[in-house]
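Read through the structure below, which is laid out as structure tokens, and then see the notes.
The values are calculated or read from the model by the stated rules, or taken from the named source; none is laboratory data. Note that the structure is a prediction, hence the values are computed from the model and not measured. Neighbour counts run over all protein chains shown; Cβ positions are idealised from the backbone, glycine included. For accessibility, only protein heavy atoms count, side chains too; no ligands or nucleic acids. Shrake-Rupley method; radii C 1.70, N 1.55, O 1.52, S 1.80 Å.
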Amino acid sequence: MKDVLRKLGIDPVSPGGFCGEWLGSGGEIKSITPIDGSTLASVKQVTPEEYERISARAHEAFLKWRTVPAPIRGQLVRDLGNALRAVKAELGALVTMEMGKIRAEGEGEVQEMIDICDFATGLSRQLYGLTMHSERPGHRMYEQWHPLGVVGVISAFNFPVAVWSWNAAIAAACGDAVLWKPSSQTPLTGIACTKIAAKVCEAYNVDPAIFSMVVGPGSTVGEQLIGDRRIPLVSATGSCRMGYRVGEVVGNRLGRTILELGGNNAIIVSQHADMDMAIRATLFGAVGTAGQRCTSTRRIIVQDSVRDQFTDRLIAAYKQVRIGNPLEPQTLMGPLVKQGAIDDMMEALKRLKHEGGEVLYGGEKLSGDAYPGGLYVTPCIAAAKNEYKIVQEETFAPILYLISYGTLEEAIALHNGVPQGLSSAIFTTNLLEAEQFLSHAGSDCGIANVNIGTSGAEIGGAFGGEKETGGGRESGSDSWKAYMRRQTNTINWSTELPLAQGIKFGD
């Protein structure tokens, strides 16, 4: 662990604010690894006064950065991706150490950062506007896209670096600066990424404050960020409760938001499904990252005729999941992130039983020398009904609710019958079922898949959901438009001044 921290430039005590210089004189927080409960390092949080200094510097950096040609901005982002490639193993290990996901997933998260840098590099030459025909003779009308400003990014512990990069790489290519508030659960990965980005900026003689950062309490620094009128866009990932607060504050100042909030993702398993594929997808979707992904599979909606077969095979697969130190290559599931997550899981199972549900497998705390720190559990499969209150909520833990259905129409109604709408999937070899699931009357989620699971979204497609998931979109497709301001332009190259809609005003 010490070698990883040293290579990434993490000191025993680091300041938690950056704007071209490192600041942080507030309270000290410890980064504690959920692997065994030991302290990795400490971070000095920024004070409200230091936040103001950092925000002002980020805005100053934006005013210069926006004048750099977009393809040059793309070159810087390309080199950021190359810098990440050089430390993929170490940064992936830090993600594992600080958050608890297995090593393969930690390195996979860094690969997401590399991929989005590649995407944004190409995007820097494709910030296209449209030309429209004017109804007025001798006029040309078109639209163009300009840099927006400083983008506030609030990320969650479960993807401590990838979510920043989804926003930061595209924002930088679009000519924006970024002010990042990483989770206080995972501040070291934020510091490591910021140091990497700063070195790339210095090589380009660019103000590194375009990649600024603040580590601090949500009640102070977080509230300052979402209320900051210098920040026209806030991209926030977290709980629905957090999203309501961010949306309220930013909306009251008429700012923009990209909200990536809770998921209650389901897979429909048809009687026409390839069962081998369905089992594998369910296992990764529900057990991967110990159920701590916003796209984790929370519900399995299984056709009556295959329920027993599917359940037996899924339980057998769960029994083979190797739980333990996520740095060890044979481990498939590491710890939950903190004791509060364990408590939430146990409370959810208690509520499930009270409502009439039944635990079919797992849901136990693990102890002993193989599980130091007390944050390890067995993943849980439970028989439930969709209308249970606990099923309607998102519990950020490896609990999978098994629900039966008869007709596909019933399955889709069950699938859509929750407040959240992020990711969804159906397993079927029946073309008609697949098309119905993807139709207007099918899944109501922002992501809908056929014969792949709910987790593992690629950066090329816009990521986000509907309903209480927030409605925002990050990463691929045309989501770059959220990070820019649209401007409609009309040029009159005639010697007349006709008005639109044929209006006559005076002689």
ARG6, sole failed condition from (1) assigned to a strand (DSSP E or B); (2) open to solvent by 70 Å² or more (accessible area, probe 1.4 Å)
(1)
Output for Cβ contacts, cut-off 8 Å, separation at least six or different chains, first residue open to solvent by less than 10 Å² (accessible area, probe 1.4 Å) in region 176-187, second of a type in the set (A, V, I, L, M) and assigned to a loop (DSSP other than H, G, I, E, B), reads ASP176/LEU148; LEU179/ILE231; PRO182/VAL215; PRO187/VAL215
Considering only region 316-370, state which residues are farther than 23 Å from ARG280 by Cα, in contact with a strand residue (DSSP E or B) (Cβ under 6 Å, 6 or more places away or on another chain) and assigned to a loop (DSSP other than H, G, I, E, B).
GLY357
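How many of the residues in region 25-70 are assigned to a helix (DSSP H, G or I), open to solvent by less than 40 Å² (accessible area, probe 1.4 Å) and of a type outside the set (A, V, I, L, M, F, W, C)? Break it down into steps so the answer makes sense when it comes.
First, the residues of region 25-70 that are assigned to a helix (DSSP H, G or I): 48-65, 70.
The next check asks that each one be open to solvent by less than 40 Å² (accessible area, probe 1.4 Å); those that pass are 50-51, 54-56, 58, 61-62, 65, 70.
Keeping just the survivors that are of a type outside the set (A, V, I, L, M, F, W, C) gives 50-51, 55.
Within region 25-70, residues that are assigned to a helix (DSSP H, G or I), open to solvent by less than 40 Å² (accessible area, probe 1.4 Å) and of a type outside the set (A, V, I, L, M, F, W, C) number 3.
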What number of residues in region 242-255 are in contact with a Gly (Cβ under 9 Å, 6 or more places away or on another chain) and either loosely packed, with under 11 Cβ neighbours inside 10 Å or of a type in the set (A, V, I, L, M, F, W, C) (or both)?
5
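Does region 483-497 contain at least one residue that is among the aromatic types (Phe, Trp, Tyr) and free of Cβ contacts under 8 Å to residues at least 60 places away in the same chain? Reasoning before the result, please.
Just the residues of region 483-497 that are among the aromatic types (Phe, Trp, Tyr), to begin with: 483, 493.
Going one step further and asking which of them are free of Cβ contacts under 8 Å to residues at least 60 places away in the same chain, we end up with none.
No.
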Quick one: in region 365-419, of everything that is crowded, with 21+ Cβ neighbours inside 10 Å and aromatic (Phe, Trp, Tyr), which residue is nearest to SER239 (Cα to Cα)?
PHE396
Among the polar types (S, T, N, Q), in contact with an Asp or Glu (Cβ under 9 Å, 6 or more places away or on another chain) and farther than 27 Å from GLU468 by Cβ: does that describe GLN309?
no
I'm told VAL337 meets every condition in (1) surrounded by fewer than 12 Cβ atoms within 10 Å (Cβ to Cβ); (2) within 19 Å of MET99 (Cα to Cα); (3) in contact (Cβ under 8 Å) with a residue 12 or more places away in the chain except one. Can you identify the failing condition by its number?
(1)
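What is the residue count in region 455-507 for residues that are among the β-branched types (Val, Ile, Thr) and crowded, with 21+ Cβ neighbours inside 10 Å?
2
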Which numbered condition ARG298 misses (of (1) touching a helix residue (DSSP H, G or I) at 6+ places or on another chain (Cβ under 6 Å); (2) buried (at least 22 other Cβ atoms within 10 Å of the Cβ); (3) within 26 Å of SER404 (Cβ to Cβ)):
(1)
